[in-house]
1. What value does chain B have for Rg/Rh, both radii from Cα atoms and Rh as Kirkwood defines it?
2. Can you give me the P(r) profile for the range A:119-201? Cα pairs, bins 10 angstrom wide beginning at 0, each as a whole percent.
3. Could you work out how far apart the two model spin labels at B:GLU255 and B:ALA4 are, taking each label as a point 7 Å from the Cα in the direction of the beta carbon, and quote it in nm?
4. In vacuum, with every alpha carbon of the range B:1-150 counted as one equal point scatterer, what does the Debye formula give for log10 I(q)/I(0) at q = 0.19, 0.21 Å⁻¹? Two decimals, please.
5. Give me a single rounded figure for A:144-151: the average over its residues of other chain Cβ atoms within 10 Å of their Cβ.
6. With the contact rule set at Cα under 8 Å and sequence spacing of 6 or more, what percent relative contact order holds for chain B?
7. Pairs of Cα atoms under 8 Å, at least six residues apart: use those to get the relative contact order of the range B:3-139, whole percent.
8. Taking only Cα atoms, what is the 0 to 90° angle, nearest 10, from helix B:335-345's long axis to the longest principal axis of chain B?
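Quick note: the coordinates plus some simple rules give every number you see, no bench work behind them. Computed from a predicted structure; not experimentally measured. Cβ: placed from backbone, ideal geometry, glycine included. Neighbour counts: every protein chain shown.
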Amino acid sequence: MQTLYNFATGPLLWASFAIFLAGSVWRIYSMIALARKKEMSVYAYMSWGFSFRSIFRWLTPFGTLGWKANPAMTVGTFAFHLCLLLLLLFAPGHAEMWDYNFGLAIWSLPEWLADTLTVVVIACCAFFAFRRLRVPAVRYVTTTHDWAVLLLVFLPFISAFLAKMQLGNTLFMTLLHVLSAEAVLIAIPFTRLSHAIFSPFTRAYMGSEFGGVRHCPDW
Amino acid sequence: MGIADRRIEDGNLMQAVAKLTPEKIKAAYELVTKGEAGARLSTYYQSCMRCGMCAQACHFSISHPDDPSYTPVGKMDQTMWKLIRQKGEVTPDEVYGMAQIAYTECNMCKRCVHYCPVGIDTGFITSLVRRFCYRLGVVPTYILDTAHSHSAVMNQMWVKQDEWIDSLIWQEDEARGEFPNLRVPLEKEGAEILYSVIAPEPKFRTQLIYQAAAIMHEAGLDWTMPALPGWDNSDMCMFVGDSEMMGRLKRCHYEMAQRLKVKRIVMGECGHAFRSVYDTGNRWLGFKDWPVPVVHSVEFFWELLTTGKIKIPKKFDKPVTIHDPCNITRGYGLMDKLREVVHMLCDKVVEMSPNREHTICCCAGGGIINCGPPFKSVRVAGNKAKADQLAATGVEYLVAPCHNCHGGLEDIIGHYKLGMHTKFLGDLIYQLMEKTRAE
């Protein structure tokens with residue numbers, strides 16, 4: 001298992017980063033090229049000002065009609081994404097990796113805070129699962145794909161938490177953490193998780209069309 | 001739950017579906033999703049998180065709270081998302097359901113945009129589903145007939161050339177009883193204003209032409225109306241998915257104005273026609289800007305009232321509420337001007353909630369009312385949300401500057417026994433203005 005762990009944190013990690021980066025660049029490039037070929041109106045209407053106006057507005061909790069109308073979802077979505085990003089960059093374990101791989105001594109979250117944020121992410125995943133099971137509007141449109149990506153995102157956090165709490169085999173849990181996180185990275189450009197790379201563009205376009213053409217807010 | 005449980009019989013839908021083969025369906029799917037649509041469809045499909053936040057946006061889902069198949073994402077899931085998931089391999093029966101959803105259960109009012117964090121344009125997706133159905137001929141009978149009328153005579157209502165001119169002269173005649181020197185100038189080259197209407201005006205709302213002529217006359221404007229095709233600014237081809245004809249209609253409209261060398265086009269109180277010249281037809285033609293400026297009635301009336309060309313000696317004294325038509329508010333941002341005009345005409349305005357760009361749709365637009373009697377009950381039941389909103393104002397008069405909105409609102413007012421009356425801005429202005437040139 002140790003060999004596998006070394007492989008997962010070595011070559012496999014670099015391969016995942018490479019697939020994630022190359023895949024994302026390729027997906028974004030091909031969408032931009034496709035828009036240029038088929039939808040010139042997208043280019044004609046795109047505006048930096050209205051794009052950022054819309055992006056910032058939707059990055060404000062309860063700043064839009066959609067967020068106001070769905071308060072639980074607003075708290076869940078913001079908590080999930082914020083904690084996820086903080087942990088990704090500043091989890092104590094990750095800080096060691098930054099240092100080990102790149103010689104970057106970055107600030108890291110205190111242990112207790114990292115644990116708390118991990119629990120928050122796990123709770124948010126449970127909340128999303130609850131919605132998929134119990135909220136009729138969500139259940140009606142949920143597919144296997146949605147369950148798969150939710151499970152995929154859930155795995156790195158639950159395994160990290162169990163490893164930290166030393167529940168189960170710590171090495172196995174850590175390995176699971178690394179492998180599932182790599183799977184998430186690889187999945188981002190090619191699955192529903194691609195909203196991570198596409199939503200800034202879809203948001204920017206909608207902001208531009210509403211701001212510049214429709215002369216009204218898109219929130 | 002789903003569209004299969006609420007199938008409504010429609011002559012053309014049944015006939016067209018009977019002729020479908022898997023090959024035809026697949027070919028239409030390929031043409032629309034791969035040939036015509038591009039990055040927007042692809043990113044929307046992949047980025048839609050199926051989170052259901054849009055459920056609270058749509059008047060259909062608000063009116064059917066226990067049925068998720070009416071939510072915007074539910075409707076996309078039963079139509080375009082399903083087509084993509086199954087790579088166009090769907091049955092003729094399923095195409096029937098898709099047509100029924102796209103043509104009769106989504107007004108493409110885009111209210112759901114305000115609820116989607118990712119920025120997905122459900123109205124756009126519906127228009128692609130309609131395009132797919134149109135390529136297969138699977139379009140509800142009544143609206144298809146209006147699109148055929150556009151193709152045959154370049155107007156929506158099978159109005160013949162002589163009938164159009166005759167209707168204008170008839171209204172001129174009528175109006176001269178009240179304003180002796182009034183003219184409806186036809187084909188006047190170089191006029192400041194070209195007034196264009198939708199074909200239902202000469203067909204069955206002819207008094208609106210009388211009122212417009214009276215307002216132009218009182219304001220002393222240099223205006224004209226066209227005698228030749230292109231006079232109808234409406235566009236049912238846009239709503240059935242006949243993009244080619246949509247392009248021809250808009251080109252014809254603009255070229256008619258260019259032929260007459262007018263300074264600008266003023267259009268009647270219509271929402272969808274504005275969408276067609278400003279949002280969809282122009283995109284198809286590749287016009288970023290319009291070849292001849294187009295002014296919507298709301299802006300035009302605002303101009304007449306603020307410059308004092310039309311004076312209102314006494315305002316309407318009963319309380320009114322304002323309905324914001326989606327195509328000119330969410331589509332063009334006329335919320336403030338509309339309010340300013342109504343406040344210049346009426347003493348007391350009771351606002352609906354939500355309003356302005358968050359307005360709840362009339363449920364007639366997007367071509368739904370044009371799908372005719374078989375689907376009337378769908379849009380009346382699907383807009384209990386608006387009926388509740390209207391009832392909550394407690395007022396008797398409702399101002400709505402859009403023909404389709406009038407049709408839809410009158411139907412829910414009748415069905416839910418709200419006892420309200422709808423008014424165009426033109427109705428109020430004609431009724432209230434100072435008539436210095438009348439006899």
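1. Details: Rg = 21.7 Å, Rh = 22.3 Å.
Expressed as Rg/Rh, it is 0.97.
2. 18, 40, 33, 9, 0
3. So the label points at B:GLU255 and B:ALA4 sit 4.8 nm apart.
4. Rounded to two decimals, the profile gives -1.18, -1.40.
5. The per-residue average across the peptide is 1.
6. Reported relative contact order: 17 percent.
7. Values: 162 pairs, mean separation 49.7, N = 137.
Worked out over the range B:3-139, it gives 36 percent.
8. Taking Cα atoms only, the helix is inclined about 40 degrees.
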